[in-house]
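Right, one structure below, let's go through it.
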Amino acid sequence: MILTVRHLRKEFSNCLAVNNVSFKIETGEITGFVGPNGAGKTTTMRILATIEPCSAGLVDIDGNSILEYPEIARKHIGYVPDSLPSNSDMTVHEYLDFFARAYGLLTPKRQKTVESLEEFTNLVGIKEKYIDSLSKGMKQRVSICRALINDPDFILMDEPAAGLDPRARIELRELLKVLCEQNKGILISSHILSELSEICTSTVIIEKGRLLKYGKIDDVVKEVVKNKRILQIKTLENDEQLANTLLLQPMVSKISSLGNTIELEYEGSDDQAFEMLSTLMKDGFKIVGFGFKQQNLESIFMNITKGDVQ
């Protein structure tokens, strides 16, 4: 299945929060939704979840408009908001059972569904605890579990890793991988780009409500980097002469040094880089490390965004 967003626009009284944004989410893939604070990520997700109306644009699932027929979205989409459940008078099990009833699940299917999801999200041991007494990581699990009650094809997750400790973030990452293997399409926003790079196959990057880049991460990297790759050279000691020599080399630009490591933009081929290394070694420079820096979602984000907010 494919969730398609076309020319989405959302205006508030004092700003244009989402400005002509288009992208697709496919089942079986995890898409990273990336942008600075105030970029329009949460507003976009709320529109896709049919919580917030849009000013213009189209959103459909396999050609069926969820803006005209929101019941389609409620059948196929699960939403994990950035706010966590804080019910002080409900246990975890009562909370999940309430939402299962809201989706129209009848006994015994409702009981079986809730118990199965509690086991899947590792909530069995705390299902009789009151939600307000849980840690942030456990509340996040409850929120994800609630979003899975209707067995959606797509899951929208707004900053699910925010404030989680390292163990909880690792467990969340593994849970997302399992959901992806179950052929669910996941759109996840996060500021922890290094972790998104490990699990995402596609990315949507927006800033000030506008789409900057969208596509497979490898394709976006190639498009942004083009022929300019970052070459890293490590020496035994801080070598200012080497930096000056590199500036005279063809296809070298934007040199920076950090300790014993020099980074530079290089537009040549691998063979030309090897020839340059051979020449530098013959000239007596003590080079102990030489290679191209791997570009990821984090580096691409820094390359194409300016940090502007609305």
Can you tell me which residue is nearest to the chain's Cα centre (by Cα) among those in region 88-124 that are open to solvent by 90 Å² or more (accessible area, probe 1.4 Å) and of a type in the set (F, W, Y)? Y103
Under the condition of being over 12 Å from the mean Cα position of the chain (by Cα) and touching a residue at least 60 places away in the same chain (Cβ under 8 Å), which residue from region 182-198 is least open to solvent (accessible area, probe 1.4 Å)? G185
So the strands (runs of 3 or more DSSP E) completely within region 191-284 holding 1 or more residues that are within 30 Å of A17 (Cα to Cα) are 202-207, 210-216
Taking M302 and the conditions (1) open to solvent by 50 Å² or more (accessible area, probe 1.4 Å); (2) modelled with pLDDT of 85 or more; (3) in a helix (DSSP H, G or I), which numbered condition does it fall short on, given that it satisfies the others? (2)
Out of all the residues in region 43-56, which are closer than 19 Å to C200 by Cβ and surrounded by fewer than 20 Cβ atoms within 10 Å (Cβ to Cβ)? none
Residues (surrounded by 20 or more Cβ atoms within 10 Å (Cβ to Cβ) and within 25 Å of the chain's Cα centre (by Cα)) located in region 125-138: M138
Which members of region 140-170 meet the condition of being part of a helix (DSSP H, G or I) and surrounded by fewer than 17 Cβ atoms within 10 Å (Cβ to Cβ)? P166, R167, I170
Kindly indicate whether A73 is at pLDDT below 95, of a type in the set (G, A, S) and touching a Ser or Thr at 6+ places or on another chain (Cβ under 8 Å). yes
Counting just the residues of region 1-34 that are of a type in the set (G, A, S) and under 19 Å from I155 (Cβ atoms), which one comes out surrounded by the most Cβ atoms within 10 Å (Cβ to Cβ)? G32
Out of curiosity, is Y214 surrounded by 16 or more Cβ atoms within 10 Å (Cβ to Cβ) and farther than 30 Å from A39 by Cα? no
Within region 236-259, is even one residue out of contact with any helix residue (DSSP H, G or I) (no Cβ under 7 Å at 6 or more places or on another chain), acidic (D, E) and within 30 Å of R9 (Cβ to Cβ)? no
Hits in region 281-298 - residues which are closer than 15 Å to Y266 by Cβ, within 28 Å of the chain's Cα centre (by Cα) and either open to solvent by less than 90 Å² (accessible area, probe 1.4 Å) or modelled with pLDDT of 75 or more (or both): G291, F292, K293, Q295
Members of region 57-75 that are out of contact with any strand residue (DSSP E or B) (no Cβ under 7 Å at 6 or more places or on another chain) and surrounded by 22 or more Cβ atoms within 10 Å (Cβ to Cβ): A73
Selected residue (only one of G38, G78 is under 23 Å from the mean Cα position of the chain (by Cα), modelled with pLDDT under 95 and surrounded by 15 or more Cβ atoms within 10 Å (Cβ to Cβ)): G38
How about region 199-211: which of its residues are in contact with a Phe, Trp or Tyr (Cβ under 9 Å, 6 or more places away or on another chain) and either open to solvent by 70 Å² or more (accessible area, probe 1.4 Å) or over 28 Å from E171 (Cα atoms) (or both)? L211
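The values are calculated or read from the model by the stated rules, or taken from the named source; none is laboratory data. Owing to the predicted nature of the structure, the values given are computational and were not obtained by experimental measurement. Ideal geometry is used to build each Cβ from the backbone, glycine not excepted, and the neighbour counts take in all protein chains shown. All accessible areas refer to the heavy atoms of the entire protein, side chains included, with ligands and DNA or RNA removed. Shrake-Rupley method; radii C 1.70, N 1.55, O 1.52, S 1.80 Å.
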